[in-house]
Amino acid sequence: VQLQASGGGMVQAGGSLRLSCAASGTIFSISVMGWYRQAPGKERELVASISSGGSTNYADSVKGRFTISRDNAKNTVYLQLNNLKPEDTVVYYCSIVTIRGQRYWGQGTLVTVSS
C-alpha cells in the first residue's frame with residue numbers, strides 16, 4: 001500500500017492550499033482517512049479525520065479554516081486549507097486505517113506560510 005500526498009507549497013498568510021492523498025495497492029476497505037502534522041521536535045498531531053460514513057473530526061486550531069473530504073471511489077482524501085497562518089507552517093502527513101486496523105502513512109508534504 002502506498003499513499004502519495006501532494007499539494008503542499010508556499011503561500012502568504014490568509015491564503016489557501018489544497019492537499020491530496022491517494023492510496024494505491026492492495027487495499028481492503030478504508031475505515032478512517034486523516035491528516036496529521038508534525039513540527040520539528042514535536043509529536044505528530046491530528047489535524048483532521050474523516051470516517052467511511054463521512055463523519056469528520058478537527059483539531060481546535062484548524063476548525064473553521066480547514067475542511068477534510070474523501071472520494072471513496074478513488075481512495076483519496078483531501079484537505080482544504082483556508083485562511084492559513086504562519087503557525088500552520090509544518091509538514092503534513094496523510095494516513096489511512098483499514099477496516100482490519102492497519103495504518104499506513106504518506107511521505108509528508110510541506111506547507112509554508114509566510115507572514
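The values are calculated or read from the model by the stated rules, or taken from the named source; none is laboratory data. As the structure is a prediction and not an experimental result, all values here were calculated from the model. Here Cβ is always computed from backbone atoms with ideal geometry, including for glycine, and neighbour counts include all displayed protein chains. To get the accessible areas, we keep the full protein, side chains included, count just its heavy atoms, and leave off ligands, DNA and RNA. Shrake-Rupley method; radii C 1.70, N 1.55, O 1.52, S 1.80 Å.
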Practice problem: Go through (1) without any contact (Cβ under 8 Å) to a residue 40 or more places away in the chain; (2) open to solvent by 20 Å² or more (accessible area, probe 1.4 Å); (3) under 20 Å from SER114 (Cβ atoms) and name the single condition LEU46 misses. | Solution: (3)
Quiz item: Restricted to segment 1-51, and to residues that are at pLDDT 95 or above and among the β-branched types (Val, Ile, Thr), which residue is nearest to the chain's Cα centre (by Cα)?
Solution: VAL47
Quiz item: If you go through segment 11-35 one residue at a time, how many are polar (S, T, N, Q), closer than 30 Å to ASN83 by Cβ and not in a strand (DSSP E or B)?
Solution: 1
Quiz prompt | segment 81-103 residues that are open to solvent by 50 Å² or more (accessible area, probe 1.4 Å), paired with ones that are part of a strand (DSSP E or B) and of a type in the set (Gly, Ala, Ser) (beta carbon under 9 Å, 6 or more apart) | solution = PRO86/SER114; THR89/SER114; ILE99/SER31; ARG100/SER31; GLY101/SER31; ARG103/SER95
Quiz item: Mind checking which residues of segment 40-70 are touching a Ser or Thr at 6+ places or on another chain (Cβ under 8 Å) and of a type in the set (A, V, I, L, M)?
Solution: ALA48, ILE50, ILE68
